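The values are calculated or read from the model by the stated rules, or taken from the named source; none is laboratory data. All figures in this text were calculated on a predicted structure; none of them were measured in a lab. Note that each Cβ is placed from the backbone with ideal geometry, even for glycine, and that neighbours are counted across all protein chains shown.
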Amino acid sequence: MYPINPHLKALIDDTLRDSRWDMTYLGMQVLIEGVALAAFGLIRDYAKNPLSRTVTAYVMQDESRHVAFGRLALRDYYPQLTEAERDEREEFVVEGCYLLRDRFLGDEVWEALGMPVAECREWVDRSELMRVYRTSLFSRIVPTIRDIGLWGPRVRKAYADMGILGFADADLERLGTQDEQVALDLEARLGEVQRTAETAATVG
């Protein structure tokens, strides 16, 4: 058994300690579930096993609705805040996104394996494959943050620094519809496979 990644734990602790409802939505339904949604999307799109793809697609349907619910609630609420209140939430978003990015450096993994942590961390940080993977995990977060109105200079600067600013123009409605349709298509294919197997067993 391994403890939770310290970067993720820090974000969860910050989210759950705050008594304001919108901060909980922002931390859980936009940041944490937004990263989870993108990660599941990579598994769904690249997995070779049909069952793995289908189960992941079902999970994505659920995650997509969570993120959409948080987005719609916050999009209506944040225009009512003062500039100082929005600044506070933008600072939270920036810190949270850096924590989510750095959790994939894998310090605890290298330590458990008895490998040189600093050297492995540097390798991960310079790896092109890991760079692409780590940035792709923000493909759902960035357009959501823009949509809910937390799009000040601090956020844009941080996203430019992280190399994820280009996700801002993604069509969230289209992505949500696509998630639903992929799950339905995979379910239909599994149904065909099951019917074929049942027919073959009956004929046999």
Matching residues, region 140-167, being over 23 Å from Asp22 (Cβ atoms) and among the polar types (S, T, N, Q):
none
Considering only residues that are aliphatic (A, V, I, L, M) and over 14 Å from the mean Cα position of the chain (by Cα), look in region 58-75 and name the one that is nearest to Ala183 (Cα to Cα).
Leu72
If Tyr159 passes every condition in (1) of a type in the set (Phe, Trp, Tyr); (2) within 14 Å of the chain's Cα centre (by Cα); (3) modelled with pLDDT of 90 or more; (4) within 22 Å of His7 (Cα to Cα) but one, which one does it miss?
(2)
Which members of region 77-89 meet the condition of being within 22 Å of the chain's Cα centre (by Cα) and either buried (at least 20 other Cβ atoms within 10 Å of the Cβ) or more than 22 Å from Leu11 (Cβ to Cβ) (or both)?
Arg89
Scan region 20-74 for residues that are without any contact (Cβ under 8 Å) to a residue 60 or more places away in the chain, buried (at least 18 other Cβ atoms within 10 Å of the Cβ) and either among the β-branched types (Val, Ile, Thr) or more than 25 Å from Asn5 (Cβ to Cβ) (or both) and jot them down.
Thr56
Could you please find all residues in region 1-53 being among the charged types (D, E, K, R) and out of contact with any Leu (no Cβ under 8 Å at 6 or more places or on another chain)?
Lys9, Asp13, Asp14, Arg17, Asp18, Arg20, Glu33, Arg44, Asp45, Lys48
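Looking at the structure I just gave you, is Ala183 closer than 26 Å to Ala73 by Cβ, part of a helix (DSSP H, G or I) and in contact with a Cys (Cβ under 9 Å, 6 or more places away or on another chain)? Before the answer, list the steps.
On the way: closer than 26 Å to Ala73 by Cβ: yes; part of a helix (DSSP H, G or I): yes; in contact with a Cys (Cβ under 9 Å, 6 or more places away or on another chain): no.
Spelling it out, it is not the case that Ala183 is closer than 26 Å to Ala73 by Cβ, part of a helix (DSSP H, G or I) and in contact with a Cys (Cβ under 9 Å, 6 or more places away or on another chain).
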